Amino acid sequence: MHLLLSGIVGSVAYGLARPGSDTDRIGVFAAPTVAFHGLHPPRESVVTTDPDVTLHEARKFCRLALSGNPTATELAWLPDHCYETRTEFGERLIAIRSAFLSAPRVRDAYLGYASQQFRKLESRGDGTFSADVRRRTAKHARHLARLVHQGRLLYATGVLEIRLADPEWFRAFGDRVAGGELAEARALLAEAEEDFARVCTPLPARPDEPTVERWLLDVRAAHLPPVAHESPHTEPPPSTPEAR
């Protein structure tokens, strides 16, 4: 495994971390190119929970980012201080980050993930639950609000904001929804759907797959085994009767 790019994501990167919050990390790595030709292809992802680290092989990462997956996308947009590994290929990945973007996939991915968070909130009822469930409910609500905010901004400007400008608003929103204000979450999601429908986006209809493909093929070429060169004075092996 050759780690190409990695960094801290999640609540720490967003500015939403509280005492005791986990530190989440994500990265992209390159498996040896010859490994893809064997009986057992390399793993596409490596996930650990202690610590919380998710690593995607280069091709898997490209597929996720091209689909608009928010977690994969943000790796290429982190503030400098959040990166922990930045190789030459990692720098090139950051440089082509806009090539992964397309209007319909950004809209569908961010609204889709936000809707998932809302369905989790709906299943929690009216806020009359235990303190632990209430904390998890507030977390889902913050995720919903963050996804809506980041998705709308990315769709409208072509730029993904990682560090939230007003993290206290998101914390307060989460606490209100956890306290039973589900209607506020429903209204926020409906407003986002309307915004995506009316905003004129600079994003293209399709991602720039040729640019992404060039990066991936260069990664594959760089991770081939070295070629063994024969000495120019090496005599060829004698032929055998069978060969003749």
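The values are calculated or read from the model by the stated rules, or taken from the named source; none is laboratory data. The structure presented is a predicted model; accordingly, all values stated were derived computationally and were not measured. Don't worry about glycine lacking a Cβ; one is built from the backbone with ideal geometry, like all the others, and counts go over all protein chains shown. Ligands, DNA and RNA are stripped out before the accessible areas are found, and what is left, the full protein with its side chains, is counted by its heavy atoms. Shrake-Rupley method; radii C 1.70, N 1.55, O 1.52, S 1.80 Å.
Using a probe radius of 1.4 Å on heavy atoms only, what accessible surface per residue do you get for region 1-136? Whole Å² is fine. If you can, show how the numbers build up before the last one.
Numbers: 6790 Å² over 136 residues.
Value for region 1-136: 50 Å² per residue.
Taking Rh as the Kirkwood radius computed over C-alpha pairs, what is the Stokes-Einstein D of region 43-120 at 4 °C in a medium of viscosity 1.567 mPa s, expressed in µm² per second?
94
Can you pull the one-decimal nm distance between simple spin-label points at LEU217 and GLU193, each 7 Å off the Cα toward Cβ?
The modelled label-to-label distance comes out at 4.2 nm.
Report the Stokes-Einstein translational diffusion coefficient (µm² s⁻¹, integer) for the chain, Rh taken as the Kirkwood radius over Cα pairs, at 25 °C with viscosity 0.890 mPa s. Write down the numbers at each step before the final one.
On the way: Rh = 20.3 Å.
Roughly 121 µm²/s, to the nearest whole number.
Highest mean first, how do 143-155, 213-225 rank when packing is the count of other Cβ atoms within 10 Å averaged over residues? Spell out each step's value before the answer.
On the way: 143-155: 22.9, 213-225: 13.8.
My ranking of the peptides, most packed first, is 143-155, 213-225.
Distance between the C-alpha centers of region 134-201 and region 52-88? Whole Å please.
Between the Cα centres of region 134-201 and region 52-88 lies a distance of 22 Å.
Return the long-range amide H neighbours of ILE26 (sequence gap of 5 or more, or a different chain), with a cut-off of under 5 Å between placed amide H atoms.
GLY7, VAL9, THR54
Just from the alpha-carbon atoms, what are the Rg and Dmax of region 1-140 in angstroms?
In Å, with Rg to one decimal and Dmax whole: 17.3, 56.
Given a 1.4 angstrom probe, I'd like the percentage of the accessible area of region 43-119 that is carbon and sulfur, rounded to a whole number. The partial results should precede the final answer.
Working: 1760 of 3520 Å².
Summing carbon and sulfur atoms, their accessible area is 50 percent of the total for region 43-119.
Bin width 5 Å, origin at 0, all Cα-Cα pairs of region 158-221: what percent of pairs per bin?
Histogramming region 158-221 at 5 Å steps yields 3, 12, 11, 15, 16, 12, 10, 9, 8, 4, 1 percent.
Taking just the alpha-carbon atoms of region 95-198, what radius of gyration and Dmax come out, in angstrom?
For region 95-198, the Cα radius of gyration and maximum Cα-Cα distance read 14.3, 48 Å.
As a test of the formula, what do you get for the chain when each DSSP H run with n ≥ 4 contributes -39,500 (n - 2.57) and the sum is divided by the residue count, at 222 nm and rounded to the nearest 500 deg cm²/dmol?
Working: 9 runs with 118 residues, N = 244.
Result for the chain: -15500 deg cm²/dmol, rounded to the nearest 500.
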